[in-house]
Amino acid sequence: MTTKPNILLVDDDELYLYLMKKTIHQLSKDLVVSTFTDGEQAVEYISKCTEEKIDLPEVIFLDINMPFLDGWGFLNEFKKLKDKIQNDVNIYMVSSSMRDSDIKKASHFEELTGYVVKPVNKIELAEIFKKIYHENW
Amino acid sequence: MWKRVFKMFIGLYVPLVALTMYIFYSQKEKQIIALSEYQQRDAILKKNYFLEQCNALLDDTVYWSNLEYPVSFDPMGKHTSFMDRYIELIKEITDYDQFRFIDLHGQEFFRAVRNSADSVTIGNLQNKENHQYVRAGLALSKNQLYLSQISLNRENGIIEKPNKPVLRAVAPIFDTTQTKIGVVVINFKMKRVLDQLKSKVADTELFLLDENHRVISSSLHEEDLPYETGNVDNVFPIDLISNIKGITLDTTIVDDDHIWRLQPIVLNGTKSSFGSKSNLPSEIVTPSNWYMILEIPPRLIKSYVQPLLDSFITFNIIAIIGLFTLSYVFQKKKAEKDLFYKELESKNILLTRSKDQLEENNVIVNEMNNSLEIRNKQLSDFNYLISHNLRAPVTSMSVIVEMIRIEKNPEILNQLLPKLEQVSNSITNLTKDINKYVSILDSKEIKITNIDLQELIAEVKHEFTETLLEDTGFEVLINIDAWDHISYSKFYLQSIIHNFISNSIKYKRDDVASYIEFKTAIENKHKVLYVRDNGIGLNMERHGDNVFKLYKRFHRNISGKGMGLFLVKSQLDALNATITINSKEGVGTTFKLIF
């Protein structure tokens, strides 16, 4: 890995990943984006980072519905690794689901920074980045 | 109706009429007994009266017999003076019709015949030697008396008019030397006595008969001794005569609505002391005894019984009317009641029928409701599936379209356009999967049948036989002791079992002899089916929540769409069955289906 990614996208929808990357690229040429198509792969990556004491991406956009390990599963695994994580990680739940039960469930995870409904547009993204990076992006 | 009324009436009236008849007859009997007692007293009085009268005249006779007459007694000649005072006596005893002395040859030597109450004619002597009473009288010894029959007086053989019933008493007479000089004959007028006997206190009849049952006197006839006057019509009932024969005691006979009182008056041979106490008892000699008979005729009995009969009839008429009315009213009410009950019953039957109909309808409605609920649930699930899974590609598409709209760079446009195809593909795939889901839920009516589980598993197993089972030695074990039949949709259950077997084969472990076991049980009164395999298993901690969700896959290196268990659960949910999973990685998986 040559460059440390700033943003991690975890979603099984490859088209979504392409579009998100493209949108982020439009907003900033400096932000490095990395992607995984399921929660399991993302967990593997994060545990590898903690083992190698590499800083984690500042922002993770996490899909709920994914094969092998879904968003909730990822969050459970992330909880276990949290102690070993040194920098701040902002996790945003991104879902096409607008079901109350999902939103309620999300509120119980303190690891989550926010809940975003697909499609994520440029303005929303800009606001999130502003919050996290302030003017440094 | 009328038949029943009549039946009931008869049933009520017959005992009543029997009772009233019994009362009537016993009352009648009592009346007759009372009447006969009354008659008895009357009869005794009359008999005593008659005997008294007889005694009185016998007393008189004894008096004349006991007189001591002069020797060579000639009352019409030399002893006129002796006779004078006796003539005065004879004159005064008005019951004497004739007073005669008859000598031993049957020739009268004194004769006094009454003309009127205070005069007698002396003389006109007759020879009576041929008369029976004279002969009998001459045969008497001292202390004997003769009493003749009562007969009509005849003068010179001709019945004296008006009829004069007389009783002749004859006694021997003696002179001072105790030599029998003849007999004294007294004709007593009996009319007064007989009239007295016949006089009625009540409407009873009296008959005085002689020993030959000839009527001497009868209350039915004004004239006494009717047989003597040539009136041969015997007024006395002949059939009673046979009853009289041999009767020596007073007897009451109730016969044919008559009450007869038969009293023999027996004087012949009886002894009695008449007159002064010094006299010796005299024996009465008489050719005939008498019968005094009292009759209470039917009309009298009837007049006594009539009020009883009247009340009997009146009561019975009232009873007939009353009971008939009662029977009629009762039967009418009963008929109405029966009709009412009949109607009630038919209404009840109708009600029961409509109740049954309602219950049937209720069952149908319930069934419809159930199937509607199932459909509703399926629709809701379907709705979620569509909204959730279709949303992602659609939003992506809208983003792409927006990008294409604002993008000027043809190079980037060339990159974007194929992405639309990707969206289209994913929508097509999704549509296909949903179609599969819908076709499973929708292609068949949810038809519940009784399924033989063993048979069904065998059928499904057969689908795998060629490709997998024979080569790999994969075994399907069946243990269905607890139950082997179940009411369920055969199509669903077939699909469910297919998925389980398919999964077990797909996720089997290569280092062991793989199997899948179907085992039935009953838990909490529910049929339970355990499906257990010894495959690679699942991490329940990670995947427990997602096992039955669409597009969930848990094994990266094994192909699969993530639809099988989703469909299994849909098909179980649809018929209110539940499914749970217990699994351990490297050991195997057990599903528990509760029906």
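The values are calculated or read from the model by the stated rules, or taken from the named source; none is laboratory data. These numbers were taken from a predicted model, which means no experiment stands behind them. Because the Cβ atoms are built from the backbone with ideal geometry, glycine has one as well, and the counts that use them run over all protein chains shown. Calculation scope for accessible area: heavy atoms of the full protein, side chains included, ligands and nucleic acids excluded. Shrake-Rupley method; radii C 1.70, N 1.55, O 1.52, S 1.80 Å.
Name the helices (runs of 4 or more DSSP H) wholly within region A:53-137 that hold at least 2 residues that are closer than 26 Å to B:Phe548 by Cα?
Filter on region A:53-137 gives A:71-81, A:100-107.
Taking only region B:497-516 into account, find how many residues are farther than 11 Å from B:Ile457 by Cβ and surrounded by 14 or more Cβ atoms within 10 Å (Cβ to Cβ).
Within region B:497-516, residues that are farther than 11 Å from B:Ile457 by Cβ and surrounded by 14 or more Cβ atoms within 10 Å (Cβ to Cβ) number 11.
Hey, could you check region A:40-51 for residues that are open to solvent by less than 20 Å² (accessible area, probe 1.4 Å) and within 14 Å of chain B (Cβ to nearest Cβ) and say which is farthest from the chain's Cα centre (by Cα)?
If we take residues in region A:40-51 being open to solvent by less than 20 Å² (accessible area, probe 1.4 Å) and within 14 Å of chain B (Cβ to nearest Cβ), then A:Val43 is farthest from the chain's Cα centre (by Cα).
On the given criteria, is A:Ile54 more than 9 Å from every other protein chain (Cβ to nearest Cβ) and buried (at least 20 other Cβ atoms within 10 Å of the Cβ)? Break it down into steps so the answer makes sense when it comes.
Values: more than 9 Å from every other protein chain (Cβ to nearest Cβ): yes; buried (at least 20 other Cβ atoms within 10 Å of the Cβ): no.
When the stated conditions are applied, A:Ile54 does not pass them.
Residue by residue, here is whether (1) under 30 Å from B:Lys7 (Cβ atoms); (2) in contact with a Leu (Cβ under 8 Å, 6 or more places away or on another chain); (3) not assigned by TED's automatic domain parsing to the domain that holds B:Lys569 holds:
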| residue | (1), (2), (3) |
| --- | --- |
| B:Phe312 | yes, no, yes |
| B:Tyr341 | yes, no, yes |
| B:Leu350 | no, no, yes |
| B:Leu358 | no, no, yes |
| B:Asn362 | no, no, yes |
| B:Gln378 | no, yes, yes |
| B:Tyr384 | no, no, yes |
| B:Arg391 | no, no, yes |
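Any residue in region B:352-374 that is within 14 Å of chain A (Cβ to nearest Cβ) and open to solvent by less than 60 Å² (accessible area, probe 1.4 Å)?
no
Are any residues in region B:514-536 outside any loop (DSSP other than H, G, I, E, B) and charged (D, E, K, R), and if so, which ones?
Scanning region B:514-536 gives B:Glu517, B:Lys519, B:Glu523, B:Lys527, B:Arg532, B:Asp533.
Tally time: how many residues in region B:129-181 are in a strand (DSSP E or B) and more than 23 Å from B:Val71 (Cα to Cα)? Explain how you work it out, then say what you get.
Initial filter on region B:129-181 (in a strand (DSSP E or B)): B:144-152, B:154-155, B:158-159, B:165-175, B:180-181.
Narrowing further to those that are more than 23 Å from B:Val71 (Cα to Cα): B:146-152, B:154-155, B:158-159, B:165-169.
Count: 16.
Please enumerate the residues belonging to region A:1-19 that are more than 8 Å from every other protein chain (Cβ to nearest Cβ) and at pLDDT 85 or above.
Restricting attention to region A:1-19, the residues satisfying the condition of being more than 8 Å from every other protein chain (Cβ to nearest Cβ) are A:1-12, A:17.
Of everything in region A:1-19, those that are more than 8 Å from every other protein chain (Cβ to nearest Cβ) and at pLDDT 85 or above turn out to be A:Asn6, A:Ile7, A:Leu8, A:Leu9, A:Val10, A:Asp11, A:Asp12, A:Leu17.
Quick check on this structure: which one of B:Ser387, B:Ser380, B:Ser396, B:Ser424 is modelled with pLDDT of 85 or more, within 14 Å of chain A (Cβ to nearest Cβ) and closer than 30 Å to A:Asn65 by Cα?
On the way: B:Ser387 fails: modelled with pLDDT of 85 or more; B:Ser380 fails: modelled with pLDDT of 85 or more; B:Ser396 fails: modelled with pLDDT of 85 or more.
Of B:Ser387, B:Ser380, B:Ser396, B:Ser424, the one residue that is modelled with pLDDT of 85 or more, within 14 Å of chain A (Cβ to nearest Cβ) and closer than 30 Å to A:Asn65 by Cα is B:Ser424.
From B:Leu51, B:Leu57, B:Leu35, which residue is under 51 Å from the mean Cα position of the chain (by Cα) and among the hydrophobic types (A, V, I, L, M, F, W, C)? It would help to see each step written out before you state the result.
Numbers: B:Leu51 fails: under 51 Å from the mean Cα position of the chain (by Cα); B:Leu57 fails: under 51 Å from the mean Cα position of the chain (by Cα).
Among B:Leu51, B:Leu57, B:Leu35, only B:Leu35 is under 51 Å from the mean Cα position of the chain (by Cα) and among the hydrophobic types (A, V, I, L, M, F, W, C).
Name the single residue that is nearest to the chain's Cα centre (by Cα) among those in region B:60-97 being open to solvent by less than 50 Å² (accessible area, probe 1.4 Å) and among the polar types (S, T, N, Q).
Kept after step one, since they are open to solvent by less than 50 Å² (accessible area, probe 1.4 Å), are these residues of region B:60-97: B:60-62, B:64-65, B:67, B:69-70, B:73, B:75, B:77, B:79, B:82-83, B:86-87, B:90, B:93, B:95-97.
Those still in the list that are among the polar types (S, T, N, Q) too: B:61, B:65.
Working: B:Thr61: 78, B:Ser65: 83 Å.
Residue satisfying both the conditions and the ranking: B:Thr61.
Identify all residues within region B:522-562 that are within 22 Å of B:Ala577 (Cβ to Cβ), within 14 Å of chain A (Cβ to nearest Cβ) and out of contact with any strand residue (DSSP E or B) (no Cβ under 9 Å at 6 or more places or on another chain); write none if there are none.
Scanning region B:522-562 gives B:Asp545, B:Asn546, B:Lys549, B:Leu550, B:Lys552, B:Gly562.
What number goes with the only condition from (1) surrounded by 13 or more Cβ atoms within 10 Å (Cβ to Cβ); (2) free of Cβ contacts under 8 Å to residues at least 60 places away in the same chain that B:Ile406 does not pass?
Looking at each condition in turn, B:Ile406 falls short on (1).
Which one of these does B:Lys519 not meet: (1) within 14 Å of another protein chain (Cβ to nearest Cβ); (2) touching a residue at least 40 places away in the same chain (Cβ under 8 Å); (3) open to solvent by 50 Å² or more (accessible area, probe 1.4 Å)?
(1)
Restricting the search to region B:60-94, which residues are outside any loop (DSSP other than H, G, I, E, B), among the acidic types (Asp, Glu) and farther than 15 Å from B:Lys142 by Cα?
Scanning region B:60-94 gives B:Asp60, B:Asp84, B:Glu88, B:Glu92.
Condition test on B:Asn383, is it within 27 Å of B:Phe548 (Cα to Cα) and either in contact with a helix residue (DSSP H, G or I) (Cβ under 8 Å, 6 or more places away or on another chain) or in a helix (DSSP H, G or I) (or both)? Before you say what the answer is, go through the steps one by one.
Details: within 27 Å of B:Phe548 (Cα to Cα): yes; either in contact with a helix residue (DSSP H, G or I) (Cβ under 8 Å, 6 or more places away or on another chain) or in a helix (DSSP H, G or I) (or both): yes.
For B:Asn383, the condition - within 27 Å of B:Phe548 (Cα to Cα) and either in contact with a helix residue (DSSP H, G or I) (Cβ under 8 Å, 6 or more places away or on another chain) or in a helix (DSSP H, G or I) (or both) - is met.
Check whether at least one residue in region A:21-33 is under 13 Å from the mean Cα position of the chain (by Cα), assigned to a loop (DSSP other than H, G, I, E, B) and not aliphatic (A, V, I, L, M), and report yes or no.
No, that holds for no residue.
So which residues in region B:565-593 are within 14 Å of chain A (Cβ to nearest Cβ) and either part of a strand (DSSP E or B) or under 17 Å from B:Asn389 (Cα atoms) (or both), if there are any at all?
Across region B:565-593, the qualifying residue is only B:Phe566.
Would you point out which residue out of B:Glu336, B:Glu295 is open to solvent by 90 Å² or more (accessible area, probe 1.4 Å) and farther than 30 Å from B:Leu140 by Cα?
B:Glu336
When you check A:Lys80 against the structure, is it surrounded by fewer than 19 Cβ atoms within 10 Å (Cβ to Cβ), farther than 21 Å from A:Asp12 by Cα and within 14 Å of another protein chain (Cβ to nearest Cβ), yes or no? Break it down into steps so the answer makes sense when it comes.
Values: surrounded by fewer than 19 Cβ atoms within 10 Å (Cβ to Cβ): yes; farther than 21 Å from A:Asp12 by Cα: yes; within 14 Å of another protein chain (Cβ to nearest Cβ): yes.
For A:Lys80, the condition - surrounded by fewer than 19 Cβ atoms within 10 Å (Cβ to Cβ), farther than 21 Å from A:Asp12 by Cα and within 14 Å of another protein chain (Cβ to nearest Cβ) - is met.
Find all pairs meeting these conditions: Cβ atoms under 9 angstrom apart; at least six residues apart or on different chains; first residue within region B:111-127 and open to solvent by less than 40 Å² (accessible area, probe 1.4 Å); second residue assigned to a strand (DSSP E or B) and hydroxyl-bearing (Ser, Thr, Tyr).
Between residues of region B:111-127 that are open to solvent by less than 40 Å² (accessible area, probe 1.4 Å) and residues that are assigned to a strand (DSSP E or B) and hydroxyl-bearing (Ser, Thr, Tyr), the close pairs are B:Arg111/B:Thr121; B:Ala112/B:Tyr96; B:Ala112/B:Thr121; B:Val113/B:Thr121; B:Arg114/B:Tyr96; B:Arg114/B:Thr121; B:Val120/B:Tyr96.
So for region A:29-39 (the condition being crowded, with 22+ Cβ neighbours inside 10 Å, away from chain B (no Cβ under 14 Å) and touching a residue at least 60 places away in the same chain (Cβ under 8 Å)), does at least one residue qualify?
Scanning region A:29-39 turns up no residue that is crowded, with 22+ Cβ neighbours inside 10 Å, away from chain B (no Cβ under 14 Å) and touching a residue at least 60 places away in the same chain (Cβ under 8 Å).
Tell me yes or no: at least one residue of region A:111-130 is open to solvent by less than 10 Å² (accessible area, probe 1.4 Å), within 16 Å of the chain's Cα centre (by Cα) and of a type in the set (S, T, N, Q).
No: region A:111-130 contains no residue that is open to solvent by less than 10 Å² (accessible area, probe 1.4 Å), within 16 Å of the chain's Cα centre (by Cα) and of a type in the set (S, T, N, Q).
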